Amino acid sequence: MSRVANVPSSHTRNLCIVAHVDHGKSSFADSLLAANGIISSRLAGTIRYLDSREDEQERGITMESSAVSLGWRIPTQPTDGSDPVLEEFRINLIDTPGHVDFSSEVSTASRLCDGALVLVDAVEGVCTQTITVLRQTHMSHLRPLLVINKIDRLVTELKLSPIEAYHHLSRIIEDVNAIVGSFYAGDRMEDDWRWRERREAEGGDAVDEEYEERDDSNLYFDPSNGTVIFSSAIDGWAFRISRFAQLYAAKLGMSEANLNRCLWGDWYLDPKSKRVINRKKMEATGKKLKPLFVQFVLENIWAVYDGVVLNNNPTKVDKIVSSLAIKVRPQDLRSKDSRNLLLSIFAQWLPLAPSTFRAVIDKIPAPPLAQASRVPRMLHPELGHSAADIAPTNKLEKDLYEGGEQDDRFRVAYVSKMFSVKTNELPQNQRKQLTAEDMRAMAKAAKEKRERRAKIIEEGGDPDAVEEDAAAPAEEEKTIDPNHETLIGFSRLYSGTIVLGQSLYAVLPKYNAALGPQHPSNARHLATVKVEQLYMMMGRELVAVPQVQAGNLFAIGGLEGTVGRNATLCGMGKDKEVREGAEREEDKECLVNLAGVILTSAPIVRVALEPAEPSEMSKLVEGLRMLNQADPCVETLLQETGEHVILTAGELHLERCLKDLRDRFARIEITVSPPIVPFRETAVAGVDMAAPKTADRPRGTVLGSVQSGLITFALRAVPLPEEVTTFLIANLSTLKRLQRDRRGGKAEDESDEARGDVAEGVKPVEPEEVWPELEKLLQEAGKEWAGVTDQIWAFGPRRVGPNLLIDRTTGAPRSLRRRLERQALLPSSAATPGPLASPASGSPSVAASTDAPALDTTELDAQLQAPEADAGVSHTLPDVRQLDENIDTAFQLAMNRGPLCAEPVIGMAYFLEEVELHPGDLDPSSIRSKWSTGRGQIISAGQDAFRSGLLDWSPRLQLAMYSCDIQATGEVLGKVYGVVAKRKGRIISEEMKEGTAFFTVSALLPVVESFGFADEIRTRTSGAASPQLVFHGYEILDQDPFWVPTTEEELEDLGEKADRENIAKKYMDTVRRRKGMAVERKVVEHAEKQKTMKSR
């Protein structure tokens, strides 16, 4: 351990293992651990050492990231020609989950690493999560290595010949490269767009900047350049083709470098000339030759499996052992378990760990080199994947780019997540083992004690006094609750050196470095922490260390109560302490915010929790707090009803969270509600809709009044065009930012990304592009939508949703666009923080042009004083524009709780056509007394009107949908289809993986029907099919929940009782019943027969 801890950063590598679920990540990591003596080589591939949780071992999948520091020595040849020297390298490895529910663990791990081992199952090939992790490594700017694992399955399961296996492996590499190429093409399109924008902004004729061409050859995986590893983790072997080039170079009379280039691809060995020829020359000879990779690599591996596993042939095994010049123990040769013999042969011929470590050291850059490329793109995301080198602009950037560990370097560490460890398992709380020196010291002390005792007895003294005198004052043992959990930070140090006992700044994710530490919006997001513990992570164990140097992964204690989930730890220099108050401005140059983890799976499954014993509510609240910090993807909420709710990424994630709450964090019995699945409400233009509710008015028109007709209003509901709805959903976070930034400067929670309800792949636009893009979409939607952009009063719900409130009243329109543009002209101190501030009626600012280069302050003062000047007039009759805030509130509330089952509304536009005051014969004092009451009633009446307008169309529910990918063999394909159809899903596509017996079935499945789906499909197929569920978005259920048979045909087909179940009504009633709302139901459903219960 000590020799690993003293390795310099230039000999350090940080990487993670990423893959689809069940592609062999943990088994592969086992073989690397066995090479370091952490576990037995015989158990490698089966023990899954880094899966330390009990439920991980039971299910056989990884649920939490685990890190381990490994050491490896590689001989290097000195330049002076002397004997090779062993150089020590440290490999910091993170094993990540492959299940889609735990995708956020991959995000947090990739933020800390410089490279990645991307594992792909040789049989299953590229799967859904393979694409996800490849995208994550690309976005995180990691240097990936492709590992094609489980090649033994090609021999033992698929029974492929070596030439068939070669073509199969080639297809896998091509598929992976095609995915990487698609990422590169997307980046180039963005680069091209930025380049064109710069030319347009600066004048196309005046700019001489040429479009930067980039070489993408280094992005792709190619066995010839050492970026592909072929392996079988369960059998403990792996190799790159350079290994066989080294073995055969002398025999073929070729240089190792030339043979390395020819061992993969269409290169053949001419048996006559003993020369390597290409495909064209081979075809010219008329001979059918095997590629070099098949002849020299695969056939040899196939021969071992044939002699040991498929057709047990001791004679053939003896020949293989002698030809490979390896030694096999006699008991392995006689063993009936062929795996022992297989492990013995491959461990000496193609050991997994040396090949992997060599590839990692050769291809993954050391932290100083990696940070020079990665950190600029972490600090400046707008750079994208530009190949240009970025020069540092200050000392902080210089220290981060270089990754130095000197004392004068700024200390910058990033905590990507918090994880929980039992307090009594921390190194400082464990019983220390006695060393030989400790035992000698104790023996010496005991001998001295006996001598003093004997001397006192000789002198006639009291020997008991000696016992009290001589007894060393024992240190009081701390009483530690065996169930108590401590939160530890999972971190990487980018610059400087951190020592125990130091104090650092904790820069929380919402900190804005551009505003400085004393800015009011930053005050709550900058704290001070003391480094109480430092650990090296060794899988299931933590090893205490006194200090950590730049470039290393480590765990840090002392952050609990200050750091929520992630943070950046900063400090000036090694021996400089943090400052407080106004003095922090002197240290602002070392403060940086590296937070930016991308959640790849939004929480969609929610349940309400309560303790079985009400008196234990405080324990549940504390447990939820711990869970919220320890899990990067879970969300905990306290609803208005007082319910404690957790949101998780999926059913498996929910099970893990509930287990953690019961066993670790709350340690109480918890009552869990049925899963709460979100719905959305909308309306469409149905085929056979009833007549409009308001006669002589367009459909969706609702007339309302309060205070016996004193205030009347009319609004009209219209479904939004689908393109506009999709655009608004994709830009929820942009709309939020747009309205915040135009009022009172940057918002303090700018780093938060609002989660949309749209599927992945829809990219939001920049705030300044929202209005032009929205205007373009509305014009394309039809004439009735032309010019609507400047009449948009508000978005809803929560002021950023995909519904529009549009002002069509007479007079100046209440335009959100114009209001934001005016506020942008105001100084930040004068900007109105209220979202609903509207000028008084007749105010010149309502119709003022926003094209003016500057704002006339004289006019502004007059505008602000106008209401006071008109006070004498306004007491006669109130202005209806005073109701603006009330109407907007009614709109927001109605959009948040729709008419069907109080779920959010989506895709609706509401035109406010008139708001009028009808004083009649009332005197001014009566009007004023009714006016204040009417302002409150308008909120309730407005909500009813907005909801009635939606119901005037054909209402629909939108279901949350999962995208489901299932891999199964042809024998169980029918059972897979049956389970999907039973749960109201639909099949999107079915493809057969070429060269295998596996089919990939893609389906869409309602989230509300997905609970228990994975278990059912595994049960029905006897484990031959395994689904992966990813949140896809919302989809309309094309069924009116209020539909009943009315026509003669419908009554004839369905009967008066409508025997066919109305699925939409079933979902709606379920939600209404859960929320305590009224539900229409028949008390007696089948009254044809009367049953009399027998009395007993």
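The values are calculated or read from the model by the stated rules, or taken from the named source; none is laboratory data. Here the structure is a predicted model, which means the values were calculated and not measured. Here the Cβ is made from the backbone with ideal geometry for all residues, glycine too, and neighbour counts use every protein chain on show.
Filter segment 352-373 down to the residues that are among the aliphatic types (A, V, I, L, M) and part of a loop (DSSP other than H, G, I, E, B), then identify the one that is nearest to G404 (Cα to Cα).
A366
Within 30 Å of P368 (Cβ to Cβ), modelled with pLDDT under 85 and assigned to a helix (DSSP H, G or I): which single residue out of E467, E382, E397 fits that description?
Selected residue: E382, the only one of E467, E382, E397 that is within 30 Å of P368 (Cβ to Cβ), modelled with pLDDT under 85 and assigned to a helix (DSSP H, G or I).
Of the residues V147, V126, V176, which single one is farther than 20 Å from M992 by Cβ and of a type outside the set (D, E, K, R)?
The match here is V147.
If C633 meets every condition in (1) touching a residue at least 24 places away in the same chain (Cβ under 8 Å); (2) over 34 Å from the mean Cα position of the chain (by Cα); (3) over 30 Å from G782 (Cβ atoms) apart from one, which number is that one?
(2)
Could you please find all residues in segment 307-323 being surrounded by fewer than 17 Cβ atoms within 10 Å (Cβ to Cβ) and not in a loop (DSSP other than H, G, I, E, B)?
V309, L310, P314, T315, K316, D318, K319, S322, S323
Please indicate, with yes or no, whether at least one residue in segment 283-298 is buried (at least 18 other Cβ atoms within 10 Å of the Cβ), modelled with pLDDT of 90 or more, under 50 Å from the mean Cα position of the chain (by Cα) and among the β-branched types (V, I, T).
Checked against the condition, which is being buried (at least 18 other Cβ atoms within 10 Å of the Cβ), modelled with pLDDT of 90 or more, under 50 Å from the mean Cα position of the chain (by Cα) and among the β-branched types (V, I, T), segment 283-298 yields at least one hit.
Kindly check whether there is at least one residue in segment 27-50 that is surrounded by 20 or more Cβ atoms within 10 Å (Cβ to Cβ), assigned to a loop (DSSP other than H, G, I, E, B) and among the acidic types (D, E).
No, segment 27-50 has no match at all.
Residue pairs, Cβ under 6 Å, 6 or more apart or interchain, first in segment 404-417 and among the polar types (S, T, N, Q), second part of a strand (DSSP E or B) and modelled with pLDDT of 90 or more. List them.
Short answer, once both residue conditions are applied: S416/F490.
Starting from residues that are over 16 Å from R565 (Cβ atoms) and touching a strand residue (DSSP E or B) at 6+ places or on another chain (Cβ under 9 Å), keep the ones in segment 505-517 and report whichever is surrounded by the most Cβ atoms within 10 Å (Cβ to Cβ).
Looking at the filtered set, the residue picked out is Y505.
Which of (1) modelled with pLDDT of 90 or more; (2) in contact with a His (Cβ under 7 Å, 6 or more places away or on another chain); (3) outside any strand (DSSP E or B) is the odd one out, the single condition A759 does not satisfy?
Condition not satisfied by A759: (1).
When you scan segment 550-587, how many residues do you find that are touching a helix residue (DSSP H, G or I) at 6+ places or on another chain (Cβ under 7 Å) and at positive phi?
1
Does E610 qualify as being in contact with a strand residue (DSSP E or B) (Cβ under 7 Å, 6 or more places away or on another chain), acidic (D, E), closer than 19 Å to A960 by Cβ and modelled with pLDDT of 90 or more?
The answer is no for E610.
Which of the strands (runs of 3 or more DSSP E) found entirely inside segment 82-200 contain at least 1 residues meeting this: touching a Phe, Trp or Tyr at 6+ places or on another chain (Cβ under 8 Å) and within 25 Å of E990 (Cα to Cα)?
Once the strands (runs of 3 or more DSSP E) in segment 82-200 are filtered for at least 1 residues that are touching a Phe, Trp or Tyr at 6+ places or on another chain (Cβ under 8 Å) and within 25 Å of E990 (Cα to Cα), what remains is 115-121, 143-149.
Can you tell me which residue is nearest to D362 (Cα to Cα) among those in segment 233-266 that are surrounded by fewer than 21 Cβ atoms within 10 Å (Cβ to Cβ) and aromatic (F, W, Y)?
My answer is F244.
Looking only at segment 872-922, filter to residues that are at pLDDT below 90 and within 14 Å of D807 (Cβ to Cβ); which one of those is surrounded by the most Cβ atoms within 10 Å (Cβ to Cβ)?
Residue satisfying both the conditions and the ranking: R881.
So E577 passes all but one of these: (1) outside any loop (DSSP other than H, G, I, E, B); (2) of a type in the set (D, E); (3) exposed (fewer than 15 other Cβ atoms within 10 Å of the Cβ). Which condition number does it fail?
(1)
Suppose we filter V980, V1001 for residues that are buried (at least 18 other Cβ atoms within 10 Å of the Cβ), closer than 30 Å to A165 by Cα and not charged (D, E, K, R); which single one remains?
V1001
If we keep just the residues of segment 625-667 that are surrounded by fewer than 17 Cβ atoms within 10 Å (Cβ to Cβ) and among the hydrophobic types (A, V, I, L, M, F, W, C), which is farthest from S66 (Cα to Cα)?
L638
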